[in-house]
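**Q** Here you go, one structure.
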Amino acid sequence: MALLLNIETATTNCSVSLSKDGETFALKEDNDKGYSHAERLHVYIEALFEENNIKREQIDAIAVSKGPGSYTGLRIGVSAVKGLCYALDKPLISVSTLEALAHQVSITEGLIVPMLDARRMEVYSAIYDANYNAIREIKAEVLDEHAYASYLDQGKVYFIGSGVEKTKQILTHPNAVFVEGKLPSAREMGYLAEIKYKKSDIEDVAYFEPYYLKDFVALKPKSK
């Protein structure tokens, strides 16, 4: 009977939810195409507690989307969760960003490829079957017309996430299905976090770091 606070900041979507026994019953999120997490995250958290008449101390654990994703977004989310876990003495649960994203697709057969946009023609992606079992590990890959060909030749492949926009421009395989306009959300995190909570699969609050997948590279500002 776990009451969990779930936080997702891996992309432009600033998303917070409350879940009980794996079921999400309250959600606040906003994707304004900019990274406003620093200004909105704590506001959304407080609003959820107040609107649902729940005190911080009542939650059993706090889950955070661990990545991959935006370096800045992940840092903000993880830092916020660490602070809350320390202050409330609650366990920290990490949830794979791409695994949670995959759960936005419900199919009976075929494969699901959650993907997040990276620089140029690169995406961060993983592959899951219809039961959300991992078929291929998370990795960064550069897209071309032959991407995912071996999977597409076997049947329907559902692509979802911010990487879909550029993927659909180069993949013309008839088995490719593009689920557009979707981003990782705290809505799907409750179920996955509940599974980890029941197994006491928690992180060390002091040493936990986001899963960036690739090292952060600071880009030089363009000359005026």
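The values are calculated or read from the model by the stated rules, or taken from the named source; none is laboratory data. These figures come from a predicted structure and were not determined experimentally. In this analysis, Cβ positions are derived from the backbone assuming ideal geometry, glycine residues included, and neighbour counts consider all displayed protein chains.
**Q** Take the residues of region 177-191 that are surrounded by fewer than 23 Cβ atoms within 10 Å (Cβ to Cβ) and in contact with a strand residue (DSSP E or B) (Cβ under 6 Å, 6 or more places away or on another chain): which is farthest from Ala26 (Cα to Cα)? Please lay out each step first, then the result.
**A** Our first condition is that a residue be surrounded by fewer than 23 Cβ atoms within 10 Å (Cβ to Cβ); within region 177-191, this holds for 177-183, 187, 191.
From the residues that got through so far, the ones that are in contact with a strand residue (DSSP E or B) (Cβ under 6 Å, 6 or more places away or on another chain) too are 177-179, 182-183, 187.
Numbers: Val177: 30, Phe178: 28, Val179: 24, Lys182: 19, Leu183: 18, Arg187: 8 Å.
This residue is Val177.
**Q** For region 130-167, how many residues meet the condition of being in contact with a Gly (Cβ under 8 Å, 6 or more places away or on another chain) and either assigned to a strand (DSSP E or B) or within 18 Å of Tyr211 (Cα to Cα) (or both)?
**A** Residues in region 130-167 being in contact with a Gly (Cβ under 8 Å, 6 or more places away or on another chain) and either assigned to a strand (DSSP E or B) or within 18 Å of Tyr211 (Cα to Cα) (or both): 2 in total.
**Q** Moving to a separate point now. Against the condition outside any helix (DSSP H, G or I), among the β-branched types (Val, Ile, Thr) and either buried (at least 22 other Cβ atoms within 10 Å of the Cβ) or over 19 Å from the mean Cα position of the chain (by Cα) (or both), how does Ile170 come out, does it pass?
**A** Criteria met by Ile170.
**Q** Can you tell me which of Ser19, Ser36, Ser79 is modelled with pLDDT of 95 or more and either more than 24 Å from Ala140 (Cβ to Cβ) or crowded, with 19+ Cβ neighbours inside 10 Å (or both)?
**A** Ser19
**Q** Confirm whether Ser94 is under 25 Å from Ala61 (Cα atoms) and touching a residue at least 12 places away in the same chain (Cβ under 8 Å).
**A** Yes: the conditions hold for Ser94.
**Q** Then there's this: Would you confirm whether or not region 60-76 contains a residue that is touching a Cys at 6+ places or on another chain (Cβ under 8 Å), over 28 Å from Val123 (Cβ atoms) and aliphatic (A, V, I, L, M)?
**A** Yes, that holds for at least one residue.
**Q** While we're on this one: Select from region 82-130 the residues that are of a type in the set (Lys, Arg) and outside the structural domain of Pro174 (by TED's automatic domain parsing) and write down the one among them that is surrounded by the most Cβ atoms within 10 Å (Cβ to Cβ).
**A** Checked region 82-130; the qualifying residue surrounded by the most Cβ atoms within 10 Å (Cβ to Cβ) is Lys90.
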